[in-house]
Amino acid sequence: MEIRDYEYILIPNILEKYKCSMSGECCQSKWRIDIDEQSYLETKKNLENQKEDINTYMEKHESGSYVSKFSNGYCKFITEDKKCRVHKDFGWECLSDTCKIYPRNLKLTSRGMEIGMGFSCRSSAKLLLSKEKFYIKKIKKEDYFFMKPRSVSFIIPENNLKKEIASRYYELEQMAIDILNLDEKLDIKLKYLEKIISELYTVNIEEYDFKKNVENFKELALNLSDNSENLEDEIVKIILEKQKRSKSVGLYYINLLRIIRLNKNLELDKKILGSDSFTLTSEELKELKEVWNKEYDRILQNYFLCLIFNKEMYYNAEYFMMKATMLTIFLKFRILLNIKYLGRELTEEELIYTIKSHDEDLAHDSEFFSEFYKTKCEEKVNISDLIKKLLTLIS
């Protein structure tokens, strides 16, 4: 959709200081780089003026879009010093929207242009280490450098049916942010938020008091049950489901778990490394959780808050809670595995790389989560119970 006029930009305060480090990592071949038609045609024209063929650099994908070709792991437009040739030689305006925006995600809403982020970029992943209290910052668009993309998705229309949860989306979003900003353990806050969201489907949304939920937190949150039964089985199932779509991601977790089981006994270790089976015992999970550094809870909280701001809760609040919970617990799981493997706390750089790699492997695969949710619904699995079980890993 073409961009409407807007006056304000809204961005989480912890993301406002984002600055590209120009490392060239995002131009590597872990994902497809889509090129919009206008950028393709402008680049083609510029290359022809220099007697070059655009087919050397781009190709048409089966979906109909244009994509960059890769050489040595990098987009072919990347120069030896890891700079973008399109940007350098043909100008910023010639860049595709994908390249202008990444790692940001833009949503034009009824209250202004909103800028969230993905964290498969080291520079954005570092922002999750912030210890500032999370809030949404509203600024005039002329006070913020803007990428000027040609189009952007539009959500939060003003004509929602009054009986739909989405009709009061902004209040729901602010309530979730207020709850996570409270001084309480993260798992308690997330369990409380899940309880509220599961109840929203049974209430009169027109009369619902979102602010009261924040006020009642201390009274209601501490009575939440702890459903930790067979959590290790649930983690294994998710890893194996992910492996069906992305073998390398599943193998990462499996191999790391195998490695941390090694005990320097050649015969026993050969069996562990050679085994095709994959299990995770409750004892192993308990041992993993014991190496957790509570200071990392802030990273998980910032991550979850940024997922809230990305607006997926607008479309389906239950699906959002399932996906955000899975992403957050697997970020913790990945950090735990790395700490256990190294036998020490992670350095800041190692922590940033862990966040980046996690988001790169999981958050970019929306189809996996939608298929997972659809399958669970078809199997008549109670999504609320599944979320509660997974949240026990956060505790």
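The values are calculated or read from the model by the stated rules, or taken from the named source; none is laboratory data. From a predicted model like this one, the values you see are computed outputs, not experimental measurements. No Cβ is skipped: glycine too gets one built from the backbone with ideal geometry, and neighbour counts run over all protein chains shown. All accessible areas refer to the heavy atoms of the entire protein, side chains included, with ligands and DNA or RNA removed. Shrake-Rupley method; radii C 1.70, N 1.55, O 1.52, S 1.80 Å.
Quick notes on this one:
- Rolling a 1.4 Å probe over the protein heavy atoms leaves PHE368 with an accessible area of roughly 10 Å².
- Its DSSP H runs of at least 4 residues, each contributing -39,500 (n - 2.57), put the calculated 222 nm mean residue ellipticity of the chain at -14000 deg cm²/dmol, to the nearest 500.
- Based on C-alpha pairs under 8 angstrom that are at least 6 apart in sequence, the chain has a relative contact order of 20 percent.
- In this structure, GLU378 and LYS163 have a Cβ-Cβ separation that, at R0 = 30 Å, corresponds to a calculated FRET efficiency of about 0.70.
- Inter-centroid distance (Cα atoms) of the stretch 293-339 relative to the stretch 344-395, Å: 7 Å
- In this structure, GLN50 and SER21 have a Cβ-Cβ separation that, at R0 = 30 Å, corresponds to a calculated FRET efficiency of about 0.55.
- Restricting the trypsin sites (Lys or Arg not before Pro) of the stretch 243-320 to loop positions (DSSP other than H, G, I, E, B) with no more than 11 neighbouring Cβ atoms within 10 Å leaves LYS264.
- Cβ-based charge dipole, the chain, positive-most Cα from TYR319, GLN174, ILE115: ILE115
- Build a GNM of the chain with springs between Cα atoms under 10 Å apart, and of GLY24, GLY118, GLY91 the one that fluctuates most is GLY91.
- Compared with the alpha-carbon gap, the fully stretched path from GLU171 to SER395 is longer by 77.9 nm at 0.36 nm per residue.
- Placing unit charges on the Cβ atoms only, positive for Lys and Arg and negative for Asp and Glu, gives the stretch 237-395 a dipole magnitude near 320 debye about its Cα centre.
- Where both bridge residues fall in the chain, DSSP classifies roughly 85% of the beta bridges as antiparallel.
- Scanning the chain for DSSP H helices at least 24 Å long along the axis (C-alpha atoms) with a Kyte-Doolittle mean no lower than -0.5 picks out 317-342.
- Choice from THR202, THR109, THR279 with maximal GNM fluctuation in the chain (Cα, 10 Å cutoff): THR202
- Carbon/sulfur fraction of accessible area - the stretch 80-225, other protein chains in place, 1.4 Å, %: 50 percent
- Summing +1 for each Lys or Arg and -1 for each Asp or Glu among the other residues whose beta-carbon sits under 9 angstrom from that of ILE272 gives +3.
- If R0 equals 51 Å, the separation of the Cβ atoms of ARG261 and GLU7 corresponds to a calculated FRET efficiency of about 0.35.
- Shape call, the stretch 36-104: gyration tensor on alpha carbons, a/c limit 1.5: rounded
- Gain upon complete extension [HIS61, SER277; 0.36 nm per residue less C-alpha separation]: 74.0 nm
- Among the listed values [x] 59; [y] 52; [z] 56, the one matching percent of Cα pairs over 27 Å apart as calculated from this structure is [z].
- Flagged links, alpha-carbon separation over 18 Å, of LYS189/LYS211; LYS107/LYS138; LYS131/LYS323; LYS44/LYS148; LYS195/LYS323: LYS131/LYS323; LYS44/LYS148
- Taking a sphere under 15 Å around the Cβ of ASN213 and counting the other residues whose Cβ falls inside, with K and R at +1 and D and E at -1, yields a net charge of -3.
- Distance (nanometres) between label positions extended 7 Å along Cα→Cβ at GLN28 and HIS87: 1.7 nm
- Using the Cβ of HIS61 as centre and a radius below 13 Å, the other residues enclosed give a net charge of -2, where K and R count +1 and D and E count -1.
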